[in-house]
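Trainee: Let me begin by handing over the structure; questions about it come next.
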Amino acid sequence: MSVFPGTNIPTNASSRARVNEIVDNILTPRLMEFRQLEVRDERFTLLPDNISWKATFGNWLQGYDLAIRKNGKRLPSGPGGYNWVNWTKGTLETGVVDVGPDNRPRDTVEGTYQFDYFSVDVLEGFLIMSVDVVNTSASGPPTSYTIDNMPAYWNGVVSDLAFAVCMERLILDYDLWKPRTIFVIGPSNFEEASDSGVVSQLETLKTNAEERANRTLENEKFKSGNYLSAPTGIYYAAVQGVGGYGRGCVGGKWRGLKVNDYV
């Protein structure tokens, strides 16, 4: 799978061409840092099967070279090291290391990996929701466009609305203390970090995107465009005339005009 230049972020990851167009060309450049977050030396959690280890975050980027250590020793990929990596769930299994195939209660596994905080499936859902918002907003009656057949000039508005939802998710997750690994925030300095402006910056990004979208949606011609009413029968009669040479107009501005030698 191809990746965004200079990164491990996959491109053309959706089955829908319009989603790929918007995600790869508009959203990814704005969300790049969140789509290739690196977590270093995280201690994994041993799952009940006593073989699998799980990281805090899933959606690992497959182009990244994992660094896995067990009890301080770097493990190779494959038999005798780590294998059966589930890139989506963020899990892996360790094979025969030390004594026996199972892991002992005091064993520890630490890993360095890179993951995508906004996978294409998530961004596609945000885009679909944003299209529905535009369908029911702006001047004019509701429309029924989809992400696949919406007009090309909707791309910017839909992208801004989706970006704002991404910021909402980050703010919510931050409030729930989930991204502490990303922002390097521990329990001892959580209160101090709350005043560091992280949430304020996210709120600013969210507000800017919403304001741009709203300014466009307030345009009365956003949905209708510059269309004219269809010509009426009177208009055609006035232009074409009745009888020979168009001297007898039955409607329009020149109704009642009498033609003489000077006109």
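Trainee: Counting only residues that are at positive phi and part of a loop (DSSP other than H, G, I, E, B), which one in region 81-132 is modelled with the highest pLDDT?
Mentor: Restricting attention to region 81-132, the residues satisfying the condition of being at positive phi are 84, 90, 98, 100.
With the extra rule that they be part of a loop (DSSP other than H, G, I, E, B), the set shrinks to 90, 98, 100.
On the way: G90: 96, D98: 48, G100: 47.
Per the criteria, the residue is G90.
Trainee: Would you check if there is a residue in region 85-94 being surrounded by 16 or more Cβ atoms within 10 Å (Cβ to Cβ), assigned by TED's automatic domain parsing to the domain that holds A164 and not hydroxyl-bearing (S, T, Y)?
Mentor: To start, the set of residues in region 85-94 that are surrounded by 16 or more Cβ atoms within 10 Å (Cβ to Cβ) comprises 85, 87, 90-94.
Those left that are additionally assigned by TED's automatic domain parsing to the domain that holds A164: none.
The answer is no, given that none of the residues of region 85-94 is surrounded by 16 or more Cβ atoms within 10 Å (Cβ to Cβ), assigned by TED's automatic domain parsing to the domain that holds A164 and not hydroxyl-bearing (S, T, Y).
Trainee: Name the single residue that is surrounded by the fewest Cβ atoms within 10 Å (Cβ to Cβ) among those in region 15-29 being touching a Leu at 6+ places or on another chain (Cβ under 9 Å) and under 28 Å from T112 (Cβ atoms).
Mentor: T28
Trainee: Just name the residue that is nearest to G156 (Cα to Cα) out of those in region 50-71 that are out of contact with any Asp or Glu (no Cβ under 6 Å at 6 or more places or on another chain) and assigned to a strand (DSSP E or B).
Mentor: Only one residue fits best here, namely W60.
Trainee: Might you let me know whether region 34-49 holds any residue that is among the basic types (K, R), surrounded by 14 or more Cβ atoms within 10 Å (Cβ to Cβ) and more than 19 Å from V158 (Cβ to Cβ)?
Mentor: As a first pass, look at region 34-49 and keep what is among the basic types (K, R): 35, 40, 43.
Pick out the ones that are also surrounded by 14 or more Cβ atoms within 10 Å (Cβ to Cβ) and you get 35.
Remaining after also requiring more than 19 Å from V158 (Cβ to Cβ): none.
Within region 34-49 (the criterion being among the basic types (K, R), surrounded by 14 or more Cβ atoms within 10 Å (Cβ to Cβ) and more than 19 Å from V158 (Cβ to Cβ)), the answer is no, since none of the residues qualifies.
Trainee: Just give me the residues in region 14-54 being among the small types (G, A, S) and at pLDDT 95 or above, in sequence order.
Mentor: Here is the first cut: in region 14-54, the residues among the small types (G, A, S) are 14-15, 17, 52.
Within region 14-54, S14, S15, A17 qualify.
Trainee: Here's something else I'd like to know. For region 193-242, what are the residues that are among the hydroxyl-bearing types (S, T, Y) and either at pLDDT below 65 or farther than 22 Å from F34 by Cα (or both)?
Mentor: In the first step, residues of region 193-242 are kept if they are among the hydroxyl-bearing types (S, T, Y); the result is 194, 196, 200, 204, 207, 216, 224, 227, 229, 232, 235-236.
Within region 193-242, S194, S196, T216, S224, Y227, S229, T232, Y235, Y236 qualify.
Trainee: Please go through (1) modelled with pLDDT under 90; (2) assigned by TED's automatic domain parsing to the domain that holds E124; (3) over 17 Å from the mean Cα position of the chain (by Cα) for L170 and return the number of the only condition it doesn't satisfy.
Mentor: Failed condition: (3).
Trainee: Can you tell which of E21, E42 is assigned to a strand (DSSP E or B), touching a helix residue (DSSP H, G or I) at 6+ places or on another chain (Cβ under 9 Å), among the charged types (D, E, K, R) and not assigned by TED's automatic domain parsing to the domain that holds E124? Explain how you work it out, then say what you get.
Mentor: Working: E21 fails: assigned to a strand (DSSP E or B).
After applying the criteria, what remains is E42.
The values are calculated or read from the model by the stated rules, or taken from the named source; none is laboratory data. None of the values given here were measured: they were computed from a predicted structure. Methodologically, a virtual Cβ is constructed for each residue, glycine included, from the backbone with ideal geometry; neighbour enumeration extends over all protein chains shown.
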